[in-house]
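Encoded as structure tokens, the structure appears first; notes follow it.
Please treat every number below as a calculation from the coordinates, not as lab data. Keep in mind the model is a prediction, meaning the values are calculated, not measured. Every residue, glycine among them, receives a Cβ derived from its backbone with ideal geometry; neighbour counts consider all protein chains shown.
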Amino acid sequence: MSNNPKIMTIRTGILEENDRRAQILRRNFAKNKTTVINVVSSPGSGKTELLTVVSRELITKGLHVCAIVGDLSTDHDAKRLASSGAHTYQINTHGACHLDARMVKQGLKTLPWRDADILFIENVGNLVCPASYDLGETKRMVLMAVTEGEDKPLKYPTMFHSADICVISKIDLASVAEFDEQKAIQNIYDVNPDILIVKTSAKKRIGIEELVTNLLAK
């Protein structure tokens, strides 16, 4: 006898409970007028570097920034992001491939998030599991680096379909990586015709102002 029906029932229950918690978080964030960005990507796409530069830009504009950083282990990324002046909290999942709403709620207890204009949630580097977990975010932003190739959206359509913004990162390396920008953009739109695409380079500060403007847009 197959165990699949039992597995599906358990998974459905877990997601339903997560969605319930996420809706409570979303109502609290909206009431507080805090914009929450769930940042997702595969490992090595440049999430932390980009968020550090963006956070510094936001703080320069007089905005308050908080960040929850998810990783399997270490607090390296939270420390890097904190160098921007943002208040950060590290969540180590110890093997779990995603953050969930329960973890986010726990992280908020140590952050002055009610003073924040924007809260970044840097999810665990993974383009599969995080796609299914609502964190109460205002917007979901997915990164794909030019070094990953043009077919990332086709390989992981659920993640790109669920995102509001797609950042093509490390755009300054496009020619070196022989990245076909037009093909990549077409692949993104094939999966999600309504997504906003922003091309960035954190190191060269390309597209940072455009990204900041769109993150803050209602």
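What residue among 58, 143, 103 has its Cα farthest toward the positive end of the dipole of the chain, where the charges are +1 on Lys, Arg and -1 on Asp, Glu, each on the Cβ?
103
Among all the aspartates and glutamates, which ones have a C-alpha under 12 Å from residue 199's C-alpha, if same-chain residues fewer than 8 places away are not counted?
Cα-Cα hits under 12 Å: 172, 181, 209, 210.
So in the chain, which Cys have no other cysteine's beta-carbon sitting under 4.7 angstrom from theirs?
Among the cysteines of the chain, those whose Cβ sits 4.7 Å or more from every other are 66, 166.
Taking a threshold of 18 Å on the Cα-Cα distance, which of the pairs 79/152; 109/218; 47/152; 139/204 fall above it?
Table pairs above 18 Å Cα-Cα are 79/152; 109/218; 139/204.
Looking at the chain as a GNM with Cα springs under 10 Å, which of 48, 60, 93 has the largest mean-square fluctuation?
It is 60.
For region 32-39, just list the computed ³J(HN,Hα) in residue order, Karplus coefficients 6.51, -1.76 and 1.60, θ = phi - 60°, integers in Hz, with x standing in for Gly and Pro.
Result, rounded to whole Hz: 8, 6, 9, 7, 10, 10, 8, 9.
Using a Gaussian network model on the chain with a 10 Å cutoff between Cα atoms, which of 165, 121, 195 fluctuates the most?
195
Quick query: amide H of residue 36 versus all other amide H atoms, modeled in the peptide plane; which residues come in under 5 Å with a sequence gap of 5 or more or a different chain?
So residue 36 has HN proximity to 119, 138, 139.
Under 10 Å, Cα contacts only: if you run a Gaussian network model on the chain, which one of 153, 130, 193 comes out with the highest mean-square fluctuation?
So, out of 153, 130, 193, the one fluctuating most is 193.
Tabulate in residue order the Karplus-calculated ³J(HN,Hα) for region 43-55, using 6.51 cos²θ - 1.76 cosθ + 1.60 with θ = phi - 60°, rounded to whole Hz; enter x for Gly and Pro.
In residue order, the calculated couplings are x, x, 7, x, 4, 5, 4, 5, 5, 5, 5, 5, 4 Hz.
With just the Cα atoms defining each centre, how far is region 155-218 from region 45-68? Give it in Å.
Spelled out, the Cα-based centre of one part sits 17 Å from the other.
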